[in-house]
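Report on one structure; see the data block that follows.
The values are calculated or read from the model by the stated rules, or taken from the named source; none is laboratory data. Since the model is a prediction, treat every value here as computed from it, not as a measurement. FYI the Cβ positions are ideal-geometry reconstructions off the backbone, even for glycines, and counts take in every protein chain you see.
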Amino acid sequence: MTISNSRYSDWVQVVDGPVPLQCWWATPVAGQHDIDAITTQKRVAIVLPEVFGVNAWVRGVADRLAAAGVPALAVPLFARTAPELDLAYETSDLAQGRRHKDATTTDQILSDLSAAITWLARICPGAEVSVVGFCFGGHAALLAATLPAVKHSFNFYGAGVSRMRPGGGPPSLALLPSIQGQLTCLCGTADPLIPAEDRAAIQAALRESDPNGNRLRYVELEGADHGFMCDARSSYNPEAARFGWQLLERSLA
């Protein structure tokens, strides 16, 4: 358990779905572990990790959102094959994480996110749900946007959305017409995992589904590499990360 700067964060187990989810739960005020103390929250966030699992950086994202006043639940994406995955940013760790990613399906992701939303609805009844995802978690955030309870999804450098869907099927961009809430896709121009043709495809698909750009937005950051938000990675870009955090905090205010 961590209590600092009047915040509370700790591991919780969500058991509202087909498999238990070992999640990191961060709330704005120390002691808000108590259900009765957080029923007045207007917004909550789900944080979806990179292929490295709910590691220290991802837990730090949840803590930072809580410090900004938004309770946040970091949810694992590999609960069936690696329920407590916590990897560093090493080549061998990346290979391990990708193996779990390749074994994960869209149905599993949506089922687990629905379970997390059910848990949050019990803890923070009536609160609007936003989803924030990075890397594979960004791709999953786009999938999450199709769930009716999700009001806003933020897809930070989610690769592959124009080329594939986890578990098979048409590319995930084909799901855009079913999104009723807001979706923001952020890509860096120096990201080798989202080359220019993929960025163009994402932008075109968003524009086709929402010509006015009121709900589905594309944001491109010049010179930003994959992982630009993560200060534990060599690709960290302070300027791009500052922009990303400002966007999140404004949107969740």
- Message: Could you check segment 185-232 and list, in sequence order, the residues that are under 20 Å from Pro171 (Cα atoms), among the polar types (S, T, N, Q) and touching a residue at least 24 places away in the same chain (Cβ under 8 Å)?
- Response: Ser209
- Of the residues in segment 195-226, how many are within 20 Å of Ile46 (Cβ to Cβ) and assigned to a loop (DSSP other than H, G, I, E, B)? 1
- Only residues in segment 159-173 that are in contact (Cβ under 8 Å) with a residue 24 or more places away in the chain and more than 21 Å from Gly188 (Cα to Cα) count as the first member; pair them with residues that are in a helix (DSSP H, G or I) and among the acidic types (Asp, Glu), Cβ under 7 angstrom, at least 6 apart or cross-chain, and list the lot. Gly167/Asp107
- On the given criteria, is Arg64 at pLDDT 95 or above and over 26 Å from Arg165 (Cα atoms)? yes
- Query: Condition test on Pro28, is it modelled with pLDDT under 95 and either over 20 Å from Ala253 (Cβ atoms) or touching a Pro at 6+ places or on another chain (Cβ under 8 Å) (or both)?
  - Reply: yes
- Message: of a type outside the set (Gly, Ala, Ser) and under 25 Å from Ala149 (Cβ atoms): is that true of Pro177 in this structure?
- Response: yes
- Item | Residue count for segment 60-98, restricted to those that are part of a helix (DSSP H, G or I) and under 17 Å from Gly244 (Cα atoms) | 8
- Could you say which residue among Asp225, Asp198 is farther than 18 Å from Ser130 by Cβ, among the acidic types (Asp, Glu) and within 19 Å of the chain's Cα centre (by Cα)? Asp225
- Task: With the condition kept exactly as written, say whether any residue in segment 59-75 is crowded, with 19+ Cβ neighbours inside 10 Å and closer than 24 Å to Pro171 by Cβ.
- Result: yes
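Would you please name the residue that is modelled with the highest pLDDT, looking only at residues in segment 1-11 that are assigned to a strand (DSSP E or B) and within 21 Å of Lys42 (Cβ to Cβ)?
Only one residue fits best here, namely Ser9.
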- Residue in segment 206-236 that is surrounded by the fewest Cβ atoms within 10 Å (Cβ to Cβ), counting only those that are of a type in the set (Ser, Thr, Tyr) and touching a helix residue (DSSP H, G or I) at 6+ places or on another chain (Cβ under 6 Å): Ser209
- Are any residues in segment 49-59 farther than 21 Å from Trp119 by Cβ and assigned to a helix (DSSP H, G or I), and if so, which ones? Ala56, Trp57
